[in-house]
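Novice: Please see the structure below; I have some questions.
No value in this document is a laboratory result; all are computed from the given coordinates. The structure displayed is predicted, hence computed values, not measured ones. Cβ: placed from backbone, ideal geometry, glycine included. Neighbour counts: every protein chain shown.
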There are 2 protein chains.
Amino acid sequence: MDSRFIWAVLFFLFAASGASSSVSATADSPDGSIRVTFDLKEGRPFYRIDRFGRELIRPSAMGFILKDAKPIQGPFEISSVRTRAFDETWTQPWGEKREIRNRFNELTVSVTEKAPGARRMDVVFRVYEDGVGFRYEIPAQTGLDRFEIMDELTEFVLAGDPQAWWIPAYLPDKVEYEQLYRRTRLSAMDTAHTPLTMETENGLFLSIHEAALTDYASMQLAPAGPNTLKADLTPWSDGVAVKTRAPMKTPWRTLQVADDAGGLITSYLILNLNEPNALGDVSWIRPGKYTGIWWAMHLELATWGTGPKHGATTENAKRYIDFTAKNGLGSVLVEGWNKGWDGDWTAHGDRFSFTRNAPDYDIREVARYAAEKGVGLIGHNETGGAVPNYERQLKETFALYEKLGIQSVKTGYVNFGPRLQRVDEKGKTVGEWHHGQYMVRHHQKVVEEAGRRHIMIDVHEPVKDTGLRRTWPNLMTREGARGQEYEAWDPEGGNPPEHATILPFTRLLAGPMDYTPGVLGLRFGPERPRNRVNTTAAKQLALYVVLYSPLQMAADLPENYEKFPDAFRFIREVPTDWEDTRVLHARIGDYVTFARKDRNSGDWYLGSVTDEEGRILETQLGFLDPGVKYTARIYRDGDGAHWETNPYPLSIEEEPVDASTVLKMRLAPGGGQAIRFIRAQP
Amino acid sequence: MDSRFIWAVLFFLFAASGASSSVSATADSPDGSIRVTFDLKEGRPFYRIDRFGRELIRPSAMGFILKDAKPIQGPFEISSVRTRAFDETWTQPWGEKREIRNRFNELTVSVTEKAPGARRMDVVFRVYEDGVGFRYEIPAQTGLDRFEIMDELTEFVLAGDPQAWWIPAYLPDKVEYEQLYRRTRLSAMDTAHTPLTMETENGLFLSIHEAALTDYASMQLAPAGPNTLKADLTPWSDGVAVKTRAPMKTPWRTLQVADDAGGLITSYLILNLNEPNALGDVSWIRPGKYTGIWWAMHLELATWGTGPKHGATTENAKRYIDFTAKNGLGSVLVEGWNKGWDGDWTAHGDRFSFTRNAPDYDIREVARYAAEKGVGLIGHNETGGAVPNYERQLKETFALYEKLGIQSVKTGYVNFGPRLQRVDEKGKTVGEWHHGQYMVRHHQKVVEEAGRRHIMIDVHEPVKDTGLRRTWPNLMTREGARGQEYEAWDPEGGNPPEHATILPFTRLLAGPMDYTPGVLGLRFGPERPRNRVNTTAAKQLALYVVLYSPLQMAADLPENYEKFPDAFRFIREVPTDWEDTRVLHARIGDYVTFARKDRNSGDWYLGSVTDEEGRILETQLGFLDPGVKYTARIYRDGDGAHWETNPYPLSIEEEPVDASTVLKMRLAPGGGQAIRFIRAQP
């Protein structure tokens, strides 16, 4: 079908620069639906994006403000225009889809300042069927070596005032990104994180984000006039946004567009704009599930610090290892195992050791026992925000873990606001944001060091994902949103039922998320009288399919899983690595249904979740392999189930289905449904 | 799958009536998702509707204000409560789907006034999985024979302030219903016609309408307080709403609910609430296509009245008959054939004869010629609003048509505002609305007389559809919305591209619509410099599948069809009678995609239309019969097509597909796509 859309029009209009001439260069997507136009107006650079001949992004400014130097914003002349067509299909070593097509037309416009001592800049556009990526490249040139960017002038001028789902940037007393999504018109939005998801009045879904953020400040979007968003770069503590030198390339600024909200999810533009695998052999990287000494601390049944309720004891770790081995759950995360947890560790993160264990925890013995049982271990490196302390120990730490066979590390940066420690040039400790260039560099350092030691990384309190897992496939997953732990202790009652119906269209457009689903003990003990899990049991199962993560936690206490063996069966069986992903229903904030195909067995899995409303959803199973008979093992909300009043009822039923079956799925208020489609043995 | 939802809970709480007691009766839908509760509060009747335990309709008043008698609104006592479960599958002799399941739980509450001379009333609820119907029944009783209803107190109190798509009622200078749909919050709505389509903040789609309107006033919905709509009955010219006598039943008041907008379209609740076929043998009723001496008049290339440009000449009719025979299009409509068109016929409709032809038109010769060619004729009865004149001639007219073999009649009531003629009791001519009880009775008379003469009816300027085609299957289709003729002459430029993406979710929830699609000559001659068809060519084809009508016009001039034989092929081939209907994409005001299966060949057809935005829509063909190979003949917008600037490009391509195929459909701005899926011969 696709082949008839393969046509590329690439051209540019290039007039000799007159006094007030307008020169432009244009590129169309391979299917012709999207057009990017780069213009110089009075020598200043602008770009615009049209789709099917209608404005998506109106002429929008570009350029930079530098420290102690003239702004880079023209007047320019176009010195060259280059185009190329590109089409490849690459394989994700693990992921939500195995084969990904990367097809774009590229336009590179080189501009040169008219003034004496003219500086040069390239703007590179990649135009896809599902959106556009563009970046600035500052080539090596005389007179421009080190420089500091104070502000990036990139604008996104929208053609109207769409609905936006957003979280605010710069909340000084909150962990970055861990907010409930707000839905307002764009005109009522404050500076927001990306990905920023929008729906236009004519029913187009847009996402603005960035790709390949490796040595730059994170980009937020700030209101800057009617329908206008402007790049906002997280500053260093000294006010500079980006410290760099030529030659350099910025991250890609991205706009994705789809006619259905599900189309944003199955757009792989962010991954496509990242560089290919830089690690070489990645056969040692294995997606999987894990359990953890973790949820008990959130419920105050155990502590991170030492004492009578210390969770991370050798004995308790062995209990988790036994449970994990018995149930084939892969790995065990142990939090609170090391030195440094006693006292206010968020204020004294530099007390953390990442190699020395607490007195009642023997890291070597636990590692030996895990290996004996065939269970992986996930090391835990909570920094409390003391980044220099972590960086000092990094090589030694990962060397030890490699020796002990610890194949994954969960990092953590719990701290509130711009207080992550950095030691500045004068030896003074200053506070940095979670998502400035300093932390971008830090995370890059961690993942590269981990790669050398064959360690997979799961970042909590991270910088947002920008698709780096393509280049560094050991960068598995992140938090970077309100996860399930808010259900345990949030004074405002946790994540409302709609939260999980928004995440796939917002946070997860960036990449995998370690939400930590699978809590079947939906009500807590007397330690947590005002909190509970705001879902039904079936919805907890569905989250494994809805919220993609290559490392997926079975978050609940082993004793709770033993109480609910029927539901737990789904958690034991659901894979974490997929051949393909389809979005079957996509209504942001209302409900969403995914179907994903297991890479290994070829079985399909379905997950569907709803907000506060009960739903009756018709689902055509046309995604199943043609001609194959399946048994659908359906985990549905039991009759009368309701997240608030009656969350436990779960009915498990089996029925024969094939690609022509239409299922009528019933989801309770705040409920969900999970299905395994088991291929009939031939 | 469905069987596991078959459970019915029917119960009532019936307390002896104390001084201020609240008594209630409750019924659940067969699947348990919807609950209706009837209550007496201080003796006054209220109902409420919940879905999955959440309020859909809050407690809402019921009852009547009568003329010269006490209101019927209590205080009541419940004298009996009866329940029954019902489940049948019935066959539509023609329609958008052959087999329709009618499954509901019914609750009948009989109430009696507490006062002396107590009157009795029944309220009957039918509770479906997809909504609720309820009506009032006034049984025969002493002291209540003839009575006049001044106002119906029925309320619909919504649980929030949803988005509504609506057209205003009571526009005195417009033809009823022929308005563009408005989209506002419910709180900003004026009195509106039904069906009224709404979307709640949590993503539920609702439609309020009525079923089985046969001898009552049409119900509109008037704002009556926060989130509150109240029944508004179209009055007679003397101010009375309904003239009736006991025993009587009101039409059903209906609420349909779905989690996806497409679910409103495939809800058959309105049909289910109508009575079964009252005509007996209906083998003479045949859906089909027709051409007509009609579009030429809208383009001012011909006239209805006599003169040099008179369209309805014997010669021209024969030309149309030849064209229709050659292309297998079924029937020919001839407008302007009879006496009465000269002068201002909207003011002098009583000059119309429905049996005598214009001097240059020989009805008998045309009928003879049509029969010889195997082509049907559609008689045209424009009344100009002079209803008594039409009723006087009705028997004689239909008797003549039956004799001549004219199997269908298009009726018309072009007049502006409440000016349809009625002769009142004193012999005075008064003006009536199109949709009051007088016209409801008139249309009923026409369809019943037509049934006796084996004539099918197509009503223009009708009363809105309420599903009567189930009972009188010769009541084929209606106008009752802005049809394609507005493209020809509307001073404001015709129907904007979004119009056809709203109609399926609003007007067509009531029943079939004679939109008259298929105009391929998208630009007009110098007679119509400011108008044009606001679609691409492909969208004109798609409308045959999107806008269901059992009588579907090929509206354009024969000479235009001869200019575009490739596109015309789809119009020649597309059926008008369907085995099944699926809605594949459903976004009100943005885009909509239908798949329908031909009743005869088993081929499937697809139609997709968009608004001003171009679209890329993924369509999983899982609806195709499993295991069957098809050739998809695709009529798509050509590259660069655009409704406004470049409407003609149309690409026709064939490719092999089956149920596992995913099509990526490209629709131009204001465009569409039509596909025939041709079964491979085994």
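Novice: Do me a favour and compute the ellipsoid semi-axes for the range A:491-607 from its Cα gyration tensor, root of five times each eigenvalue, largest one first, whole Å.
Specialist: Working through the eigenvalues yields semi-axes of 24, 19, 11 Å.
Novice: Enter the Cα centre distance for the pair the range B:58-89 and the range B:632-657, rounded to the nearest angstrom.
Specialist: After rounding, the separation between the Cα centres reads 55 Å.
Novice: Give the peptides A:344-352, B:426-434 in descending order of average Cβ contacts within 10 Å, highest first.
Specialist: With the highest mean Cβ count within 10 Å placed first, the list reads A:344-352, B:426-434.
Novice: Relative to the compact globular guide of 2.2 N^0.38 Å, what is the alpha carbon radius of gyration of the range B:44-177, as a ratio?
Specialist: Its radius of gyration relative to the 2.2 N^0.38 Å reference: 1.30.
Novice: Which whole-number percentage describes the relative contact order of the range A:595-682, with Cα contacts under 8 Å and a sequence gap of 6 or more?
Specialist: Rounded, it is 44 percent for the range A:595-682.
Novice: From the residues A:Tyr648, A:Gly614, A:Ala674, which one has its Cα farthest along the dipole of the range A:561-682 in the positive direction, the dipole being from +1 and -1 charges on Cβ of Lys/Arg and Asp/Glu about the Cα centre?
Specialist: A:Ala674
Novice: Using only helices, what value at 222 nm comes out for the protein assembly as shown when you add -39,500 (n - 2.57) per DSSP H run of length 4 or more and divide by the total residues, to the nearest 500 deg cm²/dmol?
Specialist: That calculation yields -4500 deg cm²/dmol at 222 nm.
Novice: Moving on. Once you keep just the Cα pairs under 8 angstrom separated by 6 or more residues, what percentage relative contact order results for chain B?
Specialist: In percent, rounded to a whole number, it is 10.
Novice: Summing +1 for each Lys or Arg and -1 for each Asp or Glu, what net charge is found among the other residues whose Cβ lies under 9 Å from the Cβ of A:Tyr486?
Specialist: Net charge in that neighbourhood comes out at -4.
Novice: How many nanometers, to one decimal and shortest first, lie between the label point of A:Pro526 and those of its other copies, if labels sit 7 Å from Cα toward Cβ?
Specialist: Sorted ascending, the copy-to-copy spacings read 9.6 nm.
Novice: Shifting gears a bit: Between the label point of B:Asp238 and that of the same position in each other copy, find the distances and list them shortest first in nm, with every label point placed 7 Å from Cα along the Cα-to-C-beta direction.
Specialist: For B:Asp238, the inter-copy label distances come out at 9.4 nm.
Novice: Put a dot 7 Å past each Cα toward the Cβ at B:Glu99 and A:Lys67; how far apart are the dots in nm?
Specialist: Distance between the two pseudo-spin positions: 7.5 nm.
Novice: Okay, moving on. Can you figure out the FRET efficiency of A:Val662 with B:Glu55, using R₀ = 22 Å and their beta-carbon distance, to the nearest 0.05?
Specialist: 0.15
Novice: May I ask you to report, in nm to one decimal and beginning with the shortest, the distances from A:Asp145 to the same position in the other copies, taking label points 7 Å along Cα-to-Cβ?
Specialist: In nanometres, ordered from closest: 11.2.
Novice: Right, something else. Residue by residue through A:183-192, how many Cβ atoms from other chains fall within 10 Å of the Cβ on average?
Specialist: Counting Cβ atoms of other protein chains within 10 Å of each residue's Cβ and averaging gives 0.
Novice: 7 Å from Cα along Cα→Cβ at both A:Glu402 and A:Thr91: what's the point-to-point distance in nm?
Specialist: It is 2.6 nm.
Novice: Roughly how many debye, to the nearest 20, is the charge dipole of chain B about its Cα centre, given +1 on each Lys and Arg Cβ, -1 on each Asp and Glu Cβ, and no other charges?
Specialist: That gives chain B a dipole magnitude of about 1060 debye.
Novice: Which number comes out as Rg/Rh for the range B:541-682 once both Rg and the Kirkwood Rh are worked out on C-alpha atoms?
Specialist: Taking Rg over the Kirkwood Rh, I get 0.94.
Novice: Using only Cα atoms, find the angle between the long axis of helix A:437-452 and the longest principal axis of chain A, and express it within 0 to 90 degrees, rounded to the nearest 10.
Specialist: 60
Novice: Under 8 Å for C-alpha pairs, at least 6 residues apart: give me the relative contact order for the range B:47-121, rounded to a whole percent.
Specialist: RCO, the range B:47-121: 24 percent.
Novice: For B:Asp215 and B:Ala188, calculate 0.36 nm times their separation in residues minus their Cα-Cα distance, and state this gained length in nm to one decimal.
Specialist: Length gained, B:Asp215 through B:Ala188: 6.6 nm.
Novice: Take the alpha carbon atoms of the range A:544-587, find their center, do the same for the range B:293-344, and report the distance between the two centers in whole angstrom.
Specialist: Each part reduced to its Cα centre gives a spacing of 67 Å.
Novice: Given R₀ = 22 Å, FRET efficiency for B:Asp360-B:Arg392 by Cβ-Cβ distance, to 0.05?
Specialist: Given R0 = 22 Å and the Cβ-Cβ separation, E is 0.25.
Novice: For the pair B:Arg146/A:Arg368, report the inter-label distance in nm, with labels modelled 7 Å from Cα in the Cβ direction.
Specialist: 10.5
Novice: Taking every pair of Cα atoms in the protein assembly as shown, average 1/r, invert it to obtain the Kirkwood radius, and report Rg/Rh to two decimals.
Specialist: When Rh is taken as the Kirkwood radius, the ratio is 1.01.
Novice: Using alpha carbons only, how many angstrom separate the centre of the range B:386-402 from the centre of the range A:435-499?
Specialist: Spelled out, the Cα-based centre of one part sits 78 Å from the other.
Novice: Indicate the gyration tensor shape class of chain B (rounded, prolate or oblate), computed on the Cα atoms with a ≥ b ≥ c the square roots of the eigenvalues: a/c under 1.5 is rounded; otherwise a/b larger than b/c is prolate and the rest oblate.
Specialist: Here chain B falls in the oblate category.
Novice: Would you pull out the residues with amide H under 5 Å of B:Glu579's amide H, same chain only if 5 or more places away, H placed 1.01 Å from N?
Specialist: B:Lys597, B:Asp598, B:Arg599
Novice: Need one value for A:608-618: mean number of C-beta atoms belonging to other chains within 10 Å of its residues' C-beta atoms.
Specialist: Neighbouring Cβ atoms belonging to other protein chains average 6 per residue here.
Novice: Once you sort the root eigenvalues of the Cα gyration tensor of the range B:551-590 as a ≥ b ≥ c, which label holds: rounded (a/c under 1.5), prolate (a/b larger than b/c) or oblate (the other case)?
Specialist: prolate
Novice: Further question on the same structure: Total Lys pairs in the range B:237-373 closer than 27 Å by alpha-carbon, pairs eight or more apart in sequence or interchain only?
Specialist: Lysine pairs meeting both conditions in the range B:237-373 amount to 14.
Novice: Show me the three semi-axes of the equivalent ellipsoid for the range B:279-385, from the C-alpha gyration tensor (sqrt of 5 times each eigenvalue), largest first, rounded to whole Å.
Specialist: With the √(5λ) rule applied to the range B:279-385, the semi-axes are 24, 17, 13 Å.
Novice: Follow-up question, since we're still on this one. Of all the residues in chain B, which one has the C-beta that comes nearest the axis relating B to A, and what is the distance in Å?
Specialist: Smallest Cβ distance to the axis, with its residue: B:Gly622, 1.
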